[in-house]
Every structure is written in C-alpha cells, then in structure tokens.
Amino acid sequence: VQLQACGGGLVQAGGSLRLSCAASDRTVSNNGMGWFRQAPGKEREFVATINWNGRNTYYADSVKGRFTISRDNAKISVYLQMNSLGPEDTAVYYCAAARGAVATTTIKGYNYWGQGTQVTVSS
C-alpha cells in the first residue's frame, strides 16, 4: 500500500490548509487512518485519527477544535482540514494507515506511512 500526501505549504499564522492523502490500494478503506507530524528536532507525534467508516475521530489536545479529519472511502482518501494555524503547527505531516479498522492514536498502531508533506506557518 502506498500513501501519497499533499497539500502542505507556507501559510501565515491564522490561515488554513487542507491536507490530502490518497491510497493506492482500496483495502485501506477497511482500516483506520491517521495524521501525524514531526517538527525539527522533535519526535513524531499524533495529530488526528479516524476509524474505517468515519464515525469515530480523535484529536491531539493541541489541535482539537482547529483541525478536522475526514475520509472518502470511494476515493480511498483521507483529509486534514487545518484552521487557525500557528507557528507551533510547523512540521512535516504524515498520513498513515492503521493495522485495524479502529481509530488509533499510537504510532505502533500503523503499518503504512506516506512520505510526508511540509507545513510551514509564519508568524
């Protein structure tokens, strides 16, 4: 399974971006999906996750109320709408497919990862 993330870029603080992640294999429609991010010098951290049918979502406290994860299984894609961005959101964002159908917040719960897309927020 290959995951292709896109939509990153440079945005001013307070702005918005929408990340997309397309999968190469329709089987991931049965899997939970997630977004993680990694800032320079920091460990990769959980951002948001969604279960296989989109009914359950979870967010990191740092993005709750600002970010929204969604998916379109017909397009085998997952999205991350990011609003009210701040410099602290600057990182490489990775999409990932979980090992199971549920929404999963831990890195070990994922076995397929995209290549990452850079998000830079200027102050």
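The values are calculated or read from the model by the stated rules, or taken from the named source; none is laboratory data. Everything numeric in this text was worked out from a predicted model, so none of it was measured. Positions of Cβ are backbone-derived with ideal geometry, glycine not excepted, and every protein chain shown enters the neighbour counts. The accessibility values were calculated without ligands, DNA or RNA, using every heavy atom of the protein model including side chains. Shrake-Rupley method; radii C 1.70, N 1.55, O 1.52, S 1.80 Å.
Annotations for the structure displayed:
- Screening SER84 on (1) in contact with a Gly (Cβ under 7 Å, 6 or more places away or on another chain); (2) of a type outside the set (A, V, I, L, M, F, W, C); (3) surrounded by 15 or more Cβ atoms within 10 Å (Cβ to Cβ) shows it passes everything except condition (3).
- The single condition from (1) surrounded by fewer than 18 Cβ atoms within 10 Å (Cβ to Cβ); (2) over 12 Å from the mean Cα position of the chain (by Cα); (3) touching a residue at least 60 places away in the same chain (Cβ under 8 Å) that ARG18 fails is (2).
- Test result for TYR79, open to solvent by 10 Å² or more (accessible area, probe 1.4 Å) and of a type in the set (Ser, Thr, Tyr): yes
- Selection of the stretch 1-15 for residues being outside any strand (DSSP E or B) and open to solvent by less than 50 Å² (accessible area, probe 1.4 Å) yields GLY7, GLY8, GLY15.
- Scanning the stretch 107-123 for residues that are surrounded by fewer than 14 Cβ atoms within 10 Å (Cβ to Cβ) and either aromatic (Phe, Trp, Tyr) or without any contact (Cβ under 8 Å) to a residue 40 or more places away in the chain (or both) returns LYS108, ASN111.
- Taking the conditions (1) among the small types (Gly, Ala, Ser); (2) more than 20 Å from GLN118 (Cα to Cα); (3) part of a loop (DSSP other than H, G, I, E, B) in turn, SER29 satisfies each one other than (3).
- Flag for THR104 being touching a residue at least 24 places away in the same chain (Cβ under 8 Å), open to solvent by less than 30 Å² (accessible area, probe 1.4 Å) and in a loop (DSSP other than H, G, I, E, B): yes
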